[in-house]
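Okay, structure first, notes after.
Please treat every number below as a calculation from the coordinates, not as lab data. Note that the coordinates shown come from a computational prediction; the quantities given were computed from them, not determined experimentally. Cβ sites come from the backbone with ideal geometry, for glycine too, and all protein chains shown count toward neighbours.
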Amino acid sequence: MRYAIVSDIHSNVEALTAVLGALEALRVDGVLCLGDIVGYGPDPDEATDLMRARATAIVRGNHDHAAVTPGHESYFNPWGRSAIQWTRRVATRENLAFLGGLPMALRVDGARLVHASPSDPEAWQYVMDADDAAPEFESFDETLCLIGHSHIPLVVERSGETDVDVTASEVPLAGGCRYIVNVGSVGQPRDGDPRAAFGILDLGEKRVTLHRVAYDAALTREKIRKAGLPPFLGDRLLRGQ
């Protein structure tokens, strides 16, 4: 089995469409979505419709949760809060109900899926490096845990009692090791690379590869402005920050 891994789409349908287009040549058998389909961007229904049609499994992100949980928007900064309030007004009831029914965590083909951290999915903790990852390994039994939330690609390998950040874009899943993997964000990358990020999990080859694909970020930026969303949310897409 070959799975595409996508996360943090954030209502950016241009980025999501570019990723789905790239998957045609990569011959995947399914799509695993790690949450935050909505928030920040201008196309919550279009992004949700695409994931409902294409994803094999989806877990709930904090923006998905906030879109259907009154009061939870107080968790966000003013830009995120404004976008969540706007999303509630424009998204269809059907799609909001779908987001509200997503699980916090799943197990798919021996991998744990969660948006933020496996130790406490509803706390929305960030896992940014090997130090953050160290206690998280104690909270799941699987060899591989796939996470999102930070919008920054990260691979942490545990070999014995040692945790190591892996910087390669192709990571063999070595026997006897365990992994926490963040493939980065489709719709709002924050690692200085504005291209949409996604990953491929190849269970047959036992490896994860990290990928990037360019999209029309300027178009998404203009749509954000026209929707009346905070301009900062569009400007940051051009910088990947």
Query raised in the report: Can you give the helix-only mean residue ellipticity at 222 nm for the chain, where every DSSP H stretch with n ≥ 4 adds -39500 (n - 2.57) and the sum goes over all residues, rounded to the nearest 500 deg cm²/dmol?
Result: -9500 deg cm²/dmol
**Report entry** Amide N proximity, segment 210-241 versus A25 label position 7 Å along Cα-to-Cβ, cut-off under 13 Å
**Finding:** 212-214
Query raised in the report: Between R52 and T92, how many nm apart are label points set 7 Å from Cα along the C-beta direction?
Result: 0.5
**Report entry** Amide H within-cut-off set for V155, under 5 Å, with H built and near neighbours excluded
**Finding:** V166, N182
Query raised in the report: Build a GNM of the chain with springs between Cα atoms under 10 Å: which of S150, S74, S82 gets the top mean-square fluctuation?
Result: S74
Report summary line: Between the Cα axis of helix 44-54 and the main Cα principal axis of the chain, the angle (0 to 90°, nearest 10) is 40
Query raised in the report: How far is the Cα center of segment 146-176 from the Cα center of segment 184-235, in Å?
Result: 20
**Report entry** Helix 13-26 vs. the chain, principal-axis angle (Cα, 0 to 90°, nearest 10)
**Finding:** 40
Requested in this report: With label points built 7 Å along Cα→Cβ from the Cα atoms of T162 and A174, find their separation and express it in nm.
Outcome: 0.8
Query raised in the report: In a solvent-free Debye calculation with one equal scatterer on each Cα, what is log10 I(q)/I(0) for segment 2-239 at q = 0.08, 0.14 Å⁻¹, listed in the order of the q values?
Result: -0.26, -0.83
Query - Cβ-based exposure ranking for I37, I200, I180, in which fewest neighbours within 10 Å come first - result: I200, I180, I37
Query - Relative contact order (percent, whole number), the chain, Cα cutoff 8 Å, 6+ residue spacing - result: 23
